[in-house]
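For reference, the structure is listed below as structure tokens.
The values are calculated or read from the model by the stated rules, or taken from the named source; none is laboratory data. Keep in mind that what you see is a predicted model, and the values were worked out from it rather than measured. Cβ sites come from the backbone with ideal geometry, for glycine too, and all protein chains shown count toward neighbours. In case anyone asks, the SASA skips ligands and DNA or RNA and just uses the protein heavy atoms, side chains included. Shrake-Rupley method; radii C 1.70, N 1.55, O 1.52, S 1.80 Å.
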Amino acid sequence: MNEYDSSRILDLVEPMGYVVADKPADADCYILNTCHIREKATDKVYHDIGRLKKEFRNKKKPILLVTGCVAQAENEEMLNREKYIDGVVGPQSYHKIPDMIKKIEDSEKKINNTEFDVIEKFDSLNLVRNSNSKISSFLTIQEGCDKFCHFCVVPYTRGPEHSRSIDEIIIEAKQLIDNGSKEITLLGQNVNAYEYKKQGSTYRLADLIVKLSELEELKRIRYTTSHPNDVTKDLIEAHKSCEKLMPILHLPVQSGSSKILNLMNRKHNIFEYHKIIENLKAVKPNIKFSSDFIIGYPGETEDDFNQTLRLIEKVKFINSYSFIYSSRPGTIASKLDNVNLEIKKKRLVTLQAMLEKNNFMYKNSFLDNSTEVLFENKLDNQDKYFGRDKFLNSVIVQSEKDLTGQILDIKINNFNHNSLFGKILLNEKRNFAA
Ligand code: SF4
């Protein structure tokens, strides 16, 4: 989502005459768009500012704005602690950046914009065309979270759940498609909680997917990140009926133990999670799943951990994320950290080895088989093109011809930890290049 936000911030400041600087040292204005989800996020921001101060020691100080979730969480404290910062902007207030820059240019006053003006933000963004011209683009449709998992800061930094108007989303999707996008990933902290009411009708994520799939030049649709409780029947049905909806779902589970899920306040148990997976597989047999895992959450016993391993073995997740639990200030779980660090590290190694083994087996199954790839870009200084298949696997092929924007069947002949490698099959089925 920060990638989407950064690109929209650029759209907002371009009319003021700002363009992306070739070198950091050439910049008149720095916007540090921060994420609070990882440990020590705040420290990293102060480190970055330290580097910036060194860089500009003998030059005119650039305007410095800190945006995103760290700015939201720290707000006034950040302005007091680091005088080099000219303004802090929460993720729901970044539409105010042009105005802030203008005021700072004029008066050099410090500004704090950390209100939750999410409606005002999207109203302002709708007036500015999305200029992103990537083959695969992000589009935010929903923000915020009302779930309040006990370990998570998002409800405090991104605010309550808000869904954008379906008409605005379609307009922005058309802009992206006109710019060349063939694939759109719909974004939200709880993307499948999307719900927009208009003239007595309620539109949910499934309705939006169906509407977007009617746009002919759009070839692929994805969405992330989902909460298991919001995987509704109509969404499962969309996975069956909508060919453009890709057969991979990132469905964070965090733990395979119902006891731990309850302590986390995830609001579902592991049997309900299994049922969702079963229901999706019933309508889309080739669907794959990726997930997030927190290891050593307060109260996690060896038995709870083994339940997580059993879940991984059963579902065979691909490309998942796993982290040792570390507390986030201000969350309910922040004072409960009670699993020994060495135990947590050991469990993480065991779990990642299992994920890695499953990933190896999965990638190995592609050897000598073909997979359909949408090519996104050429690799720097090489006759190689990068794309992704339907399951989000990165695929690299050698080609003297420009493959950007094409969807081609690729026969896989090698792989490593990150990518599949292959050759274009000669009986190319589809070619969307101009
Ligand atoms: S549902 Fe996701 S974003 Fe919301 S509180 Fe839980 S982990 Fe955080």
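Miscellaneous remarks
- The single condition among (1) in contact (Cβ under 8 Å) with a residue 40 or more places away in the chain; (2) away from the ligand (no atom under 16 Å from the Cβ); (3) of a type in the set (D, E, K, R) that K121 does not meet is (1).
- Which numbered condition N413 misses (of (1) open to solvent by 80 Å² or more (accessible area, probe 1.4 Å); (2) under 27 Å from G296 (Cα atoms); (3) in a strand (DSSP E or B)): (2)
- Boolean, D146 is open to solvent by 20 Å² or more (accessible area, probe 1.4 Å) and within 16 Å of the ligand (Cβ to nearest atom): yes
- Taken over region 101-132, the residue count meeting the criterion of being open to solvent by less than 20 Å² (accessible area, probe 1.4 Å) and either farther than 24 Å from V154 by Cβ or assigned to a loop (DSSP other than H, G, I, E, B) (or both) is 3.
- Close pairs (7 angstrom Cβ cut-off, 6 or more residues apart or separate chains): farther than 22 Å from D178 by Cα in region 201-217, part of a helix (DSSP H, G or I) and of a type in the set (A, V, I, L, M) anywhere: Y203/I166; L205/V191; L205/L235; A206/L235; A206/A238
- Residues considered: T331, T225, T232. Of these, the only one that is under 26 Å from I407 (Cβ atoms) and of a type in the set (S, T, Y) is T225.
- Of all residues in region 360-367, at least one satisfies being out of contact with any Leu (no Cβ under 8 Å at 6 or more places or on another chain) and surrounded by 16 or more Cβ atoms within 10 Å (Cβ to Cβ).
- Residue list for region 298-349, filter: closer than 14 Å to L263 by Cβ and of a type in the set (G, A, S): G299, S327, A333, S334
- Test: residue in region 342-350 that is touching a residue at least 12 places away in the same chain (Cβ under 8 Å), part of a helix (DSSP H, G or I) and open to solvent by 80 Å² or more (accessible area, probe 1.4 Å): yes
- Some residue of region 173-185 being without any contact (Cβ under 8 Å) to a residue 24 or more places away in the chain and within 17 Å of R8 (Cβ to Cβ): yes
- Leading residue by the ranking (surrounded by the most Cβ atoms within 10 Å (Cβ to Cβ)) among those in region 377-398 that are part of a loop (DSSP other than H, G, I, E, B) and at pLDDT 95 or above: N393
- Considering residues of region 304-318 that are assigned to a loop (DSSP other than H, G, I, E, B) and surrounded by 18 or more Cβ atoms within 10 Å (Cβ to Cβ) only, the residue modelled with the lowest pLDDT: I318
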